[in-house]
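Enquirer: What follows is a structure written as structure tokens; I'll ask about it next.
No value in this document is a laboratory result; all are computed from the given coordinates. Worth saying up front: this structure is predicted, and the values here are computed from it rather than measured. Glycine also receives a Cβ, built like all others from the backbone with ideal geometry; neighbour counts cover every protein chain displayed.
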């Protein structure tokens, strides 16, 4: 049922309907999202995601339900790094709070399309070329080690050296002033881009970079395209609300990057070792164990951040 064309069309229409309802009804008027509103929307998206997880559990079985939940949790956790970069981008370009939701809306919409293509392509390649699993595992271990060794330092935002932004500025006239929440406007009868379009491009390209970590991590949990795609979609749908709920609190979780690094190393190591363990020891790491390890690493890094707060520089 879940792999039929009818279901895929129905699911994507459902997602588009949710996005349109969000943009055209609940957030039709540009406004600064307050923390109470953001927490309410975060609770809604999490509840909706867990309801869908329950549907997967009921229709596809216990194993698929746990795989979906693990993939959703990993994508949600890795999204925190995205949120911090989004905050830096908005600060760099001095984007007013009332226009940030609009940028994130279109950013999420673009991310859904791009990640859908990545997931379908990645799943097809892994099904055809088994050796790619080892490359994928090594990449995840390398990424996790690099993240841990970097000490969780704040990522830099440098639009002047972003190749996509440089291309955009070279071939497209861009004003220095905003025109409300518009991405394009007219100056002296000529259609030109506004700085908000540059911000949107940076958000999109940043997400592509982060997808290079998150999508392989979820493909390491399940090779079922349906599970990987839908868990990714529901994690992204709640990304905007999560941003506004955590924007002022992200800096408190300074050990979270280490937790994410260990998660990537664990998943990469699992990929590298699973064939060896299965063939020589008849051992397969159960999904509940993977879920428990991922959850423990996340909670441990958050707990450590709260127990040992980051010292403020004088």
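Enquirer: Can you give the relative contact order of the range 5-307 as a percent, counting alpha carbon pairs under 8 Å and 6+ residues apart? List each step's numbers first, then the result.
Expert: Numbers: 329 pairs, mean separation 96.0, N = 303.
Taking the mean separation of contacting Cα pairs over the length of the range 5-307, I get 32 percent.
Enquirer: What whole number of Å gives the distance from the Cα centroid of the range 173-190 to the Cα centroid of the range 220-245?
Expert: Each part's Cα centre sits 34 Å from the other's.
Enquirer: Which length gain, in nm to one decimal place, applies between residue 210 and residue 10 when the Cα-Cα distance is subtracted from 0.36 nm times their residue separation?
Expert: 69.2 nm
Enquirer: Once the Cβ-Cβ distance between residue 91 and residue 223 is put in as r, and R0 is 45 Å, what FRET efficiency do you end up with, to the nearest 0.05?
Expert: 0.70
Enquirer: Want the number for residue 170 to residue 308: 0.36 nm per residue separation, take away the alpha-carbon distance, what's left?
Expert: 45.0 nm
Enquirer: Among 50-57, 68-75, 127-134, how do they line up by average Cβ neighbours within 10 Å per residue, starting with the highest? If you can, show how the numbers build up before the last one.
Expert: Numbers: 50-57: 15.5, 68-75: 25.4, 127-134: 11.6.
Highest mean packing first, the order is 68-75, 50-57, 127-134.
Enquirer: To the nearest 10 degrees, how steep is helix 97-128 against the longest Cα principal axis of the chain, on a 0 to 90 scale?
Expert: Between the helix axis and the principal axis of the chain, the angle is about 30 degrees.
Enquirer: Could you work out the relative contact order of the range 61-208, using alpha carbon pairs under 8 angstrom and six or more residues apart, expressed as a whole percent?
Expert: So the answer I get is 32 percent.
Enquirer: Residue separation times 0.36 nm, minus the C-alpha to C-alpha distance between residue 128 and residue 188: what's the value? Write out the running numbers ahead of the final one.
Expert: On the way: separation 60, 0.36 × 60 = 21.60 nm, distance 5.51 nm.
Contour length minus the Cα-Cα distance gives 16.1 nm.
Enquirer: Using only the alpha-carbon atoms, how far is helix 256-281 inclined from the longest principal axis of the chain? Give it as 0 to 90 degrees, nearest 10.
Expert: Between helix and principal axis, roughly 30 degrees.
Enquirer: For a distance above 38 Å, tell me the whole-number percent of Cα pairs in the chain that qualify.
Expert: Of all Cα-Cα pairs in the chain, 16 percent lie more than 38 Å apart.
Enquirer: Here's something else I'd like to know. Let a ≥ b ≥ c be the square roots of the eigenvalues of the Cα gyration tensor of the range 193-314; is it rounded (a/c under 1.5), or, if not, prolate (a/b larger than b/c) or oblate?
Expert: Here the range 193-314 falls in the oblate category.
Enquirer: Helix-only estimate, please: 222 nm mean residue ellipticity of the chain, summing -39500 (n - 2.57) across DSSP H runs of length 4 or more and dividing by its residues, to the nearest 500.
Expert: Per the formula, -25000 deg cm²/dmol.
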